[in-house]
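Novice: What follows is a structure written as structure tokens; I'll ask about it next.
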Amino acid sequence: MNRAVKVGLAGTCTALLALGGLGTYNLLNGLTSGSAGDAQPTAGDTFAASELPGKPPSGAEAVKLTRAFLDSWSRQHVDGAASDTDVPDAASQALRDYADGLHLKKVSFGHIVAAGPSAVTPGATKVTFDVSAQVAGGTWNYSSAVAVLKSATGVPAVHWNNSVLYPGMGDGQSLIAGRLPADPDAAKVVASDGTTDLSAFPSLRDIATTIGENAAPTGGSAGTGVAVVDGDGGAVETVQVFTKGRTAVIRATVDARLQAAAESAVQDAHLQGKPAGTVALDWRTGHILAVAHSGNDGDIAINGMKSPGSTMKIITAAALFDRAGLTPDSPAPCTDSLMANSQLFRNDPGVRADPGATLAQAFTVSCNTSFIKDGFHDLVHDGDASALHDEAVDVFGMGGWSIGGGVATTDPSIPPDAQGGDQAAQFIGQGRVTATPLFMASVAATVRNAGFEQPVILPGQHQESAPRPLSAGTAEYLRSMMRSVATTGTAAPRLAGLAGVGAKTGTAEEGDHTNGWLTAYDSRISVAALVEGGGSGVDSAGYVVRRLLTAG
């Protein structure tokens, strides 16, 4: 792109004012100086810019001077045109910059009409006119205007400012023609299909805006036309398009079809309008395929920090396998209640006591007392309750993530220094344990993938790794238990019959209500959902998760 030389300005702002429907004057290639015989009588020699203007010129006087000014301009008699203004030096440079910046071949003027007193320049008469300029790339037609003043001694002059060249042009701005400057705001953030605009999805509008402000677009091409640019050549306004360019894009990992299903799922009628959030991942790569939320509490899908309830039993079970040597067949008595560190814990309604339960059976029915008993007995040593935190960090990648594009997410938390009743509560996802649907979808993905892949929303974004992979034995144990949850356990009312699905439900008390959770995976994706005030996970979040797992 060739940048125009900065257009010089002088005086205060005015509108380009108009002239009437008289003849058309043509500007030919090349800049020449008019001969003495061709020169029109001008006010340049005697009009004093510092002098207070006198009585406004009549319409006929204003049109006569404007016609002379435009006649010189059209014939490339730049100095002659400038001499008809109140600041000839500034006008002369500006007219040359106009020709250079536009690669001007020819310019003509028509419909020169007096338009009465200027509303912008006191004491001036407005004259309007049409411009037809042959510039790089095509012909540019527009309307403009000048304000004509008359000195106290009766000398008329065109009041010069940048808007004489094009209406509304400000100080320090100029015109260019040809290849248009790139407009960074024109880049689109699109789904993985390369075409679907993410801002079309209500849940992704803010995310798309943030990505657009922070990520580099690719694939765009400039169009041709005429533009107003600032002193650094940056686009101010495109005023004429000859050929359209191709909009640059930032391609995200989002799957447009799955995102549409997620948007619908968080509005499911079974939720009765309760705030909900969901995230779907490609468990093989960590790519975020969908993020959706409802309600007015912000994006709870990636920033809603809530106790995850029994979905945390996935990590608890992994810690029992990896750090305590237990297996799914290890004893895990399910009692109606249990006291730990002077705090009484109970099961959710409907969980029947089973003193002979195994860990796998306790996981399937989501028995709190089983996991508190085994977790407190086997993972808390001499007051040190950091084993659950360490498992979450070492195997499930818990920590500070950047999903890319400047999109903020809230980190999960399993404090390593749990005290008192929290030392037991953490094993069932209560106490000071917090998580987001994004993290819990990643937990399910880690189980299915037998290893952690950090969630990202931009392909190629750096992904943090976990210190060690999920062991093959622990992965197999967890997949078997999560499959039982989906087929015969707490998630069965929503997920039974779906091929290859593993799941874990969760409920978590918060104030005067209970939040519902469910996380699951199938052969393609992992999903987690949270419904605030949803009660049981299966009867709230279960509807959301099912919609995503069955999206066609």
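Novice: Are any residues in the stretch 401-460 within 24 Å of Ala362 (Cβ to Cβ) and among the aromatic types (Phe, Trp, Tyr), and if so, which ones?
Specialist: Selection gives Phe427, Phe439.
Novice: When you go through (1) within 30 Å of Gly212 (Cβ to Cβ); (2) not assigned by TED's automatic domain parsing to the domain that holds Ala340 one by one for Gly489, which number turns out not to apply?
Specialist: It is condition (1) that Gly489 fails.
Novice: For the stretch 440-468, how many residues are assigned to a loop (DSSP other than H, G, I, E, B), among the aliphatic types (A, V, I, L, M) and surrounded by 19 or more Cβ atoms within 10 Å (Cβ to Cβ)?
Specialist: 3
Novice: Residues of the stretch 464-508 being farther than 21 Å from Leu548 by Cβ and among the basic types (Lys, Arg), which ones?
Specialist: Answer for the stretch 464-508, where residues must be farther than 21 Å from Leu548 by Cβ and among the basic types (Lys, Arg): just Arg468.
Novice: Shifting gears a bit: Among the residues of the stretch 507-526 satisfying the criterion of being modelled with pLDDT of 95 or more and of a type in the set (A, V, I, L, M), which is farthest from Met482 (Cα to Cα)?
Specialist: So the residue we want is Ile525.
Quick grid of which residues meet (1) under 30 Å from the mean Cα position of the chain (by Cα); (2) assigned by TED's automatic domain parsing to the domain that holds Thr369; (3) closer than 16 Å to Phe396 by Cβ; (4) aromatic (Phe, Trp, Tyr):
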{"residue": "Gly431", "(1), (2), (3), (4)": "no, yes, no, no"}
{"residue": "Pro437", "(1), (2), (3), (4)": "yes, yes, yes, no"}
{"residue": "Ala445", "(1), (2), (3), (4)": "yes, yes, yes, no"}
{"residue": "Ser471", "(1), (2), (3), (4)": "no, yes, yes, no"}
{"residue": "Glu476", "(1), (2), (3), (4)": "no, yes, no, no"}
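Novice: If you scan the stretch 397-410, which residues turn out to be under 18 Å from Lys306 (Cβ atoms) and buried (at least 23 other Cβ atoms within 10 Å of the Cβ)?
Specialist: The answer is Met398, and nothing else.
Novice: Yes or no: Ser540 surrounded by 24 or more Cβ atoms within 10 Å (Cβ to Cβ), among the hydroxyl-bearing types (Ser, Thr, Tyr) and under 28 Å from the mean Cα position of the chain (by Cα)?
Specialist: Answer is no for this residue.
Novice: Then there is this: Answer yes if at least one residue in the stretch 478-496 is touching a residue at least 60 places away in the same chain (Cβ under 8 Å), surrounded by fewer than 17 Cβ atoms within 10 Å (Cβ to Cβ) and outside any loop (DSSP other than H, G, I, E, B), and no otherwise.
Specialist: yes
Novice: Another question, then. All but one of (1) surrounded by fewer than 15 Cβ atoms within 10 Å (Cβ to Cβ); (2) in contact with a Pro (Cβ under 8 Å, 6 or more places away or on another chain) hold for Asp417, so report the exception by its number.
Specialist: Result: Asp417 fails condition (2) only.
Novice: For Leu338, state whether it is within 46 Å of the chain's Cα centre (by Cα) and over 29 Å from Ala276 (Cα atoms).
Specialist: Considered against the rule, which asks whether it is within 46 Å of the chain's Cα centre (by Cα) and over 29 Å from Ala276 (Cα atoms), Leu338 comes out as no.
Novice: Then there's this: Do the conditions hold for Ala324, that is, is it out of contact with any strand residue (DSSP E or B) (no Cβ under 7 Å at 6 or more places or on another chain), surrounded by fewer than 23 Cβ atoms within 10 Å (Cβ to Cβ) and modelled with pLDDT of 95 or more?
Specialist: It is true that Ala324 is out of contact with any strand residue (DSSP E or B) (no Cβ under 7 Å at 6 or more places or on another chain), surrounded by fewer than 23 Cβ atoms within 10 Å (Cβ to Cβ) and modelled with pLDDT of 95 or more.
Quick grid of which residues meet (1) of a type in the set (Ser, Thr, Tyr); (2) surrounded by 24 or more Cβ atoms within 10 Å (Cβ to Cβ); (3) in the same structural domain as Glu509 (by TED's automatic domain parsing); (4) farther than 26 Å from Leu478 by Cβ:
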residue: Ser221; (1), (2), (3), (4): yes, no, no, yes
residue: Thr224; (1), (2), (3), (4): yes, no, no, yes
residue: Ala227; (1), (2), (3), (4): no, yes, no, yes
residue: Asp232; (1), (2), (3), (4): no, no, no, yes
residue: Val236; (1), (2), (3), (4): no, no, no, yes
residue: Ala262; (1), (2), (3), (4): no, yes, yes, no
residue: Ala301; (1), (2), (3), (4): no, yes, yes, no
residue: Lys306; (1), (2), (3), (4): no, no, yes, no
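Novice: Name the residue that is farthest from Ala99 (Cα to Cα), counting only residues in the stretch 193-209 that are surrounded by fewer than 18 Cβ atoms within 10 Å (Cβ to Cβ) and of a type outside the set (Asp, Glu).
Specialist: Pro202
Novice: What is the residue count in the stretch 150-176 for residues that are touching a Gly at 6+ places or on another chain (Cβ under 6 Å), of a type in the set (A, V, I, L, M) and within 23 Å of Val78 (Cα to Cα)?
Specialist: 2
Quick grid of which residues meet (1) farther than 30 Å from Thr139 by Cα; (2) without any contact (Cβ under 8 Å) to a residue 60 or more places away in the chain; (3) of a type in the set (Gly, Ala, Ser); (4) not in a loop (DSSP other than H, G, I, E, B):
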{"residue": "Ile207", "(1), (2), (3), (4)": "yes, no, no, yes"}
{"residue": "Thr238", "(1), (2), (3), (4)": "no, yes, no, yes"}
{"residue": "Gln259", "(1), (2), (3), (4)": "yes, no, no, yes"}
{"residue": "Ala280", "(1), (2), (3), (4)": "yes, no, yes, yes"}
{"residue": "Arg284", "(1), (2), (3), (4)": "yes, no, no, no"}
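The values are calculated or read from the model by the stated rules, or taken from the named source; none is laboratory data. Note that the coordinates shown come from a computational prediction; the quantities given were computed from them, not determined experimentally. Counting neighbours? That spans all protein chains shown, and the Cβs are built from the backbone with ideal geometry, glycine included.
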